[in-house]
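Structure incoming, see below.
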Amino acid sequence: MPTAPLEGPDEWYTVHDALWQHAGARPDSILCIGCLESRLGRRLRHNDFLDAPLNDPVYGQHSERLRHRLRPITR
Ligand SMILES: [Zn+2]
């Protein structure tokens, strides 16, 4: 899906370099959550993301699934 549309939900985020490389992505690659997860074969977890303002669940207009992945798991 589009990661940074002018309107509507975005999937603009940053993850750790090692994870990105593990997914076979290059530094300039752009992947939505669905594509990155299918390459990894698992769901993303909140600690896969860098500690950056962009990765705050309430930043911008993140998609529902991105906001869900960005939130720490509470038990
Ligand atoms: Zn995709």
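The values are calculated or read from the model by the stated rules, or taken from the named source; none is laboratory data. As the structure is a prediction and not an experimental result, all values here were calculated from the model. FYI the Cβ positions are ideal-geometry reconstructions off the backbone, even for glycines, and counts take in every protein chain you see.
Hey, residue 18 hits all of (1) outside any helix (DSSP H, G or I); (2) loosely packed, with under 12 Cβ neighbours inside 10 Å but one; which does it fall short on?
Of the numbered conditions (1) outside any helix (DSSP H, G or I); (2) loosely packed, with under 12 Cβ neighbours inside 10 Å, the odd one out for residue 18 is (1).
Looking at 26, 65, 43, 69, which one is over 13 Å from the mean Cα position of the chain (by Cα) and basic (Lys, Arg)?
26
Restricting the search to the stretch 30-75, which residues are in contact with a His (Cβ under 7 Å, 6 or more places away or on another chain), assigned to a helix (DSSP H, G or I) and more than 16 Å from the ligand (Cβ to nearest atom)?
Passing the criteria: 48, 70.
Can I ask one more? From the residues in the stretch 1-55 that are of a type outside the set (Val, Ile, Thr) and touching a Cys at 6+ places or on another chain (Cβ under 6 Å), which one is nearest to residue 73 (Cα to Cα)?
Of everything passing the filter in the stretch 1-55, 11 is nearest to residue 73 (Cα to Cα).
Another question about this same structure. Need pairs with beta-carbon distance below 6 Å; first residue within 13 Å of residue 70 (Cβ to Cβ) and within the stretch 27-49, second modelled with pLDDT under 95; sequence gap 6+ or separate chains.
Cβ pairs passing all conditions: 46/72.
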